[in-house]
Amino acid sequence: MDLQEHIHIISAGDNIHKTYPAVLKDLRTVTHTFIFAEKEVYTNSARDDIKKRMWKCAIRDAIDAVNTISLSRNISCALVCIDAATFDAIRDPVLGIFSDHQDARYSFDISAGSKRLSLGLFSMSLWLGGNSYYAFGNSPLRRVPVPAFPQQDLLSNPYNLIILTILFRGQETGKKTSTLVPKETLFNETRTWQISAYDKSEDPNRTELSPAAFSRLLLTLAGWNLIHGDTDPENKQENLYQLTSDGELAIYVYLARLKKRGFRNAPGLT
């Protein structure tokens, strides 16, 4: 069985050859790299001063270095020159790549290049379901935190927020690492919470939270990258769950919305 293709798209800049090895180390599965550069980078003009000429040369050298690194790791590498950093000029070649690699995983490095180019590639990453990354200066590679779910979906079931809140409590007590909670413990704590909006007097057909329904909730939250589950190394029959950085951000956003509406606590959760 062939491994899934991984398309990595870079906005061209004079330091991309420095961040590229870190990208490959963190992402590990890149099979194709495409570098997007404005044609101006490869156009010499009599109006260019010395500083701009050196800037263009630095970008071209960085692109050549990324190509060399790619070849040394058996990663195909291609340069995509666009006429101008308008959205249409960015969109069409990205869609061309997508039409040839529809089943691939996509990632974008938007650290370099013009603002218009980086913003255009970031927009396309949302449409293709790809992740965007950035690394400025000597900072480590970081993923741009974009929610993988509509906000209304998170609020559609109050148990979603309960699970996130339970896992969030470790951060609230000042711990630097996320709390690891066994699935059984998480389930027992979740079903003890009272949800006034789901009171049986208002909905006589409501049933207690079942283990099967709870497992489905965990799968959904993990699919949204709000929680992460892994096997307990000391007990292979048990799974441990923790809040992800996206899950923490979701909690902060929800609390900010409540504060704006004048609530001190989450309504419906007591």
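Here the range 133-186 is the region considered, the condition is being of a type in the set (Phe, Trp, Tyr) and within 24 Å of Ser123 (Cβ to Cβ), and the residue that is modelled with the lowest pLDDT is Phe149. Of the residues making up the range 103-116, at least one is closer than 24 Å to Ala84 by Cβ, part of a strand (DSSP E or B), aromatic (Phe, Trp, Tyr) and open to solvent by less than 20 Å² (accessible area, probe 1.4 Å). Being assigned to a helix (DSSP H, G or I), farther than 25 Å from Pro145 by Cα, of a type in the set (Ser, Thr, Tyr) and modelled with pLDDT of 90 or more is a condition met by no residue of the range 17-32.
Residue pairs whose Cβ atoms lie under 6 Å apart, sitting 6 or more positions apart in sequence or on different chains, and linking a residue in the range 89-100 that is under 11 Å from Ile7 (Cα atoms) to a partner that is open to solvent by less than 30 Å² (accessible area, probe 1.4 Å) and part of a helix (DSSP H, G or I), are Val94/Met124. When each of Ile7, Ile75, Ile59, Ile16 is tested for being open to solvent by less than 30 Å² (accessible area, probe 1.4 Å) and touching a Lys or Arg at 6+ places or on another chain (Cβ under 9 Å), the lone residue that passes is Ile7.
Just one residue in the set Ile63, Ile69, Ile59 is part of a helix (DSSP H, G or I) and touching a Pro at 6+ places or on another chain (Cβ under 7 Å); that residue is Ile69.
The values are calculated or read from the model by the stated rules, or taken from the named source; none is laboratory data. Being a predicted model, the structure only gives us computed values, none of them experimental. FYI the Cβ positions are ideal-geometry reconstructions off the backbone, even for glycines, and counts take in every protein chain you see. We work out accessible area using only protein heavy atoms, side chains counted, and drop any ligands, DNA or RNA first. Shrake-Rupley method; radii C 1.70, N 1.55, O 1.52, S 1.80 Å.
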